[in-house]
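Notes to accompany the following structure.
The values are calculated or read from the model by the stated rules, or taken from the named source; none is laboratory data. Quick caveat: nothing in here was measured; it's all calculated off a predicted structure. Note that each Cβ is placed from the backbone with ideal geometry, even for glycine, and that neighbours are counted across all protein chains shown.
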C-alpha cells in the first residue's frame with residue numbers, strides 16, 4: 001500500500017443514508033434549471049454521480065439538507081465545467097459579466113429572468129440556504145465566494161496570457177479556485193452550527209482548515225491530472241511540480257501524493273490544538289472537524305468511483 005493511501009486509513013468512510021433521494025432530487029433540479037440540456041452534458045452529469053458525492057462528504061446531513069448541499073455541489077461543478085471546457089474560461093469579458101451577476105445574487109438581489117441558467121439556479125440555492133443561517137455565516141460565505149471569483153479571474157488571465165504561476169501563489173490560490181472554503185462552510189449548514197469569528201479566524205482552526213482544504217484540492221489535482229493535461233491546462237499541482245522541479249510526470253505524481261499525505265498528517269496534528277484552544281465550543285468544533293474529515297475521505301472515495309475524471313489511461317489516479 002502506498003504512503004498516500006495509507007495516510008487516509010485514519011479517516012473512516014461514512015455514507016449518508018439519504019443518498020438515493022438526493023440523487024433523484026439533484027437530477028430533477030438541474031434539468032428544471034436547464035443546466036444539463038445537451039446530451040453530452042447529461043451523460044457527463046450522470047457519470048459524476050453527485051448524490052454519491054454529497055453522501056460521502058456530508059454524511060451527517062438530514063434528507064432536506066443533503067438535497068441542498070447536493071445541489072450546491074452540482075452547481076459548483078457545472079460552473080467549473082464551463083470555466084475549464086468552454087469559452088467562459090478563456091474570455092475575461094464573459095467571465096466578468098457572469099461573476100457580477102453571481103455576486104449580485106449573493107448580495108441579496110434577485111436574478112434577472114433573462115440571466116443564464118447557472119445564475120437563476122444560484123438564486124434558488126441562495127433563497128433556500130440564507131434564511132437558515134446567521135449574519136456571521138452569510139458574511140463569511142459571501143467573502144469566500146468573492147475570493148473564489150478573484151481566483152478564477154486570476155486563473156483565466158493566466159490562460160489568456162500563457163502565464164505559468166509560481167509555486168507559492170498557486171498553492172494559496174488553489175483553495176479558492178477549487179471553491180473548497182464554501183464547501184466547508186456548508187458543514188455548518190448541515191450541522192446547524194455557526195462558529196464565532198474569533199474561533200474561526202483563530203490560528204489553531206485556520207491551520208486545520210487550510211490543511212484540510214489543501215488535501216482536497218491537491219487530491220483533486222491528482223485525480224483530474226489526465227483530463228487537465230489533455231486540455232493543455234497548467235493549473236494542476238502535478239503539472240506544476242513537473243514544471244517547477246524539472247522532473248518527469250511519474251516523479252511529479254509521487255511528489256504530489258507525498259505532499260497531500262503530509263498535509264493530511266498536519267491536519268491530524270492540528271485537531272487536538274483546535275479543541276484545546278476553545279473548550280467552550282468543543283461540540284461545534286468536533287462537528288466541524290468531523291465534517292472536514294468526511295470531506296477529505298469522501299472526496300477521495302468518490303473520485304475513485306466517479307466517471308468524471310476517466311479520460312484515458314495515465315498516472316493521475318489517486319490510489
Tally time: how many residues in segment 37-47 are under 23 Å from residue 298 (Cβ atoms) and surrounded by fewer than 21 Cβ atoms within 10 Å (Cβ to Cβ)? 3
Per the filter on segment 98-137, residues loosely packed, with under 14 Cβ neighbours inside 10 Å and either within 13 Å of residue 34 (Cβ to Cβ) or without any contact (Cβ under 8 Å) to a residue 24 or more places away in the chain (or both) are 100, 108, 109, 110, 112, 113, 114, 127, 131, 135
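Residues checked against (1) buried (at least 23 other Cβ atoms within 10 Å of the Cβ); (2) in contact with a strand residue (DSSP E or B) (Cβ under 6 Å, 6 or more places away or on another chain); (3) under 29 Å from residue 73 (Cβ atoms):
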position: 236; (1), (2), (3): yes, no, yes
position: 240; (1), (2), (3): no, no, yes
position: 246; (1), (2), (3): no, no, no
position: 252; (1), (2), (3): yes, no, yes
position: 262; (1), (2), (3): no, no, yes
position: 273; (1), (2), (3): no, no, no
position: 276; (1), (2), (3): no, no, no
I need a count of the residues in segment 3-16 that are out of contact with any helix residue (DSSP H, G or I) (no Cβ under 7 Å at 6 or more places or on another chain) and surrounded by 12 or more Cβ atoms within 10 Å (Cβ to Cβ). 1
Filter segment 208-234 down to the residues that are touching a residue at least 60 places away in the same chain (Cβ under 8 Å) and touching a helix residue (DSSP H, G or I) at 6+ places or on another chain (Cβ under 6 Å), then identify the one that is surrounded by the fewest Cβ atoms within 10 Å (Cβ to Cβ). 223
Which of the residues spanning segment 168-193 are within 15 Å of the chain's Cα centre (by Cα), within 30 Å of residue 62 (Cβ to Cβ) and part of a helix (DSSP H, G or I)? 175, 176, 180, 181, 182, 183, 184, 185, 186, 187
What number goes with the only condition from (1) closer than 30 Å to residue 240 by Cα; (2) under 20 Å from the mean Cα position of the chain (by Cα) that residue 165 does not pass? (2)
Given the criteria in a loop (DSSP other than H, G, I, E, B), surrounded by 14 or more Cβ atoms within 10 Å (Cβ to Cβ) and modelled with pLDDT of 90 or more, does residue 61 qualify? yes
Give the number of residues within segment 1-52 that are more than 21 Å from the chain's Cα centre (by Cα), within 24 Å of residue 264 (Cβ to Cβ), in contact (Cβ under 8 Å) with a residue 24 or more places away in the chain and not in a helix (DSSP H, G or I). 1
